[in-house]
Amino acid sequence: MRNITVALCCGLFMTGCSSFTERNQSTGSFDYVTEQEAKALTLPAGFSAIELSNQYNIPVLATTANSALVGHKLDIRAPALAMAVAPESLISQNRQQTEIVFESFKNVTEFRADLWQKISGFIDAKTYGISMSREGSSLTTRNIESDPFFMQIFGLEEQTLTQQYQFALNVAPQGHRANVAVKLVKHQQQGQDLELNQFAQRRYETRMLNAFLSHLQSLDQTDKVATIVKAKPAVAMELGFDDEQNVAYIIKSPFEPTWEKLAVILPKLGFMIKDRDKTLGTYFVNFEQQNPNYLAVLFKMKHIRPIYLDEGKYQIKLQQSGARSVLTIIDNTGEALTADKMAEMSNSIKQRLAKKPQ
């Protein structure tokens, strides 16, 4: 029975898979490409011509269009869209090239070095190789051949693609904003150069750009998991002052693991996270006074004293100070909490930081 089920599923899968040609071309016959223009109708003497309409006239082909792209040579697939899934990436409004926008608070030198390392890392991870490179500015891959296994699974046996792509990095003079553009500089099918229309070329470029963005997203997720793992150990805390001489909590842990640890402990203390901005080192929270018995049952906090604070909006600000982190709490008026209130809450927050995750 199992063998029959597997065979049936495979049969349905193969039946549902269209070939490369069917996915790229319109259906039906292409006999129309061999049709000749009809001669004008000659009327016998005494007959008057019917008034003709130009409503259905085929538009004149633009001089910039490729007149060879007709019939089976015309690719009808829809344009691809760039997906800004990587951290700090934004969709570009530039229609002239395939690109993505990145934003950062780094200076020009750091921003350029960071993005260049990400581009180079992507090329290395995919083993594309580099044929030409201008450090920090642009690079061109070596020939990228089609994956035979991918071609077989998706019915692409009759198509062999060879491509080269160029990645160009442009960082704004003031920093903070940069563009990464991808350009298809070589395209061959069956070993022959093939001229693509702008839509087909844009589709291939977008596919490569999305692969790059997905790679960055994957690295970011991996880093987050690693950071959370590092955030698990208990950390110590004491009262102190921030740069503006406000009473603050001095946490004996670097910024990165402390930032991730706050995401875990703040809700357990009644600070419900509404948003957070790591570049500003700020958690935007609403404090909701919880029933102590409810908290004890939900978070097993029998020995941790609940926090008593006016309900409303607060900002939890975290700054790096060497190997330590400095935490300040700002109320909805923009003022730091008083020294008395910070001291009152100190033991509860200290206990929560010192408590290892269950």
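Miscellaneous remarks
- Test: Ala200 is small (Gly, Ala, Ser), in the same structural domain as Phe167 (by TED's automatic domain parsing) and in a strand (DSSP E or B): no
- Boolean, Lys106 is in a loop (DSSP other than H, G, I, E, B), in the same structural domain as Asn197 (by TED's automatic domain parsing), of a type outside the set (Asp, Glu) and surrounded by 13 or more Cβ atoms within 10 Å (Cβ to Cβ): yes
- Gln174 meets the conditions (1) at pLDDT below 90; (2) surrounded by 13 or more Cβ atoms within 10 Å (Cβ to Cβ); (3) under 23 Å from Gly136 (Cα atoms) in every case but one. The failed one is (2).
- Extreme residue, modelled with the highest pLDDT, among residues of the stretch 53-84 that are under 22 Å from Gln201 (Cα atoms) and β-branched (Val, Ile, Thr): Thr63
- Selection of first residues in the stretch 190-211 that are farther than 19 Å from Thr64 by Cβ and of second residues that are at pLDDT 90 or above and in a loop (DSSP other than H, G, I, E, B), restricted to Cβ pairs under 7 Å at least 6 apart or on distinct chains, gives the following pairs, ordered by first then second residue: Thr206/Ala82; Leu209/Ala82; Asn210/Ala82; Asn210/Met83.
- No other residue among Ile58, Ile50 is loosely packed, with under 10 Cβ neighbours inside 10 Å and over 25 Å from Thr34 (Cα atoms) apart from Ile50.
- Selection within the stretch 330-352: residues that are of a type in the set (A, V, I, L, M) and free of Cβ contacts under 8 Å to residues at least 60 places away in the same chain. The member of this set that is farthest from Ile265 (Cα to Cα) is Ile330.
- Within the stretch 305-343, the residues that satisfy the criterion of being over 17 Å from Glu288 (Cα atoms) and of a type in the set (Val, Ile, Thr) are Val326, Thr328, Thr333, Thr338.
The values are calculated or read from the model by the stated rules, or taken from the named source; none is laboratory data. As the structure is a prediction and not an experimental result, all values here were calculated from the model. No Cβ is skipped: glycine too gets one built from the backbone with ideal geometry, and neighbour counts run over all protein chains shown.
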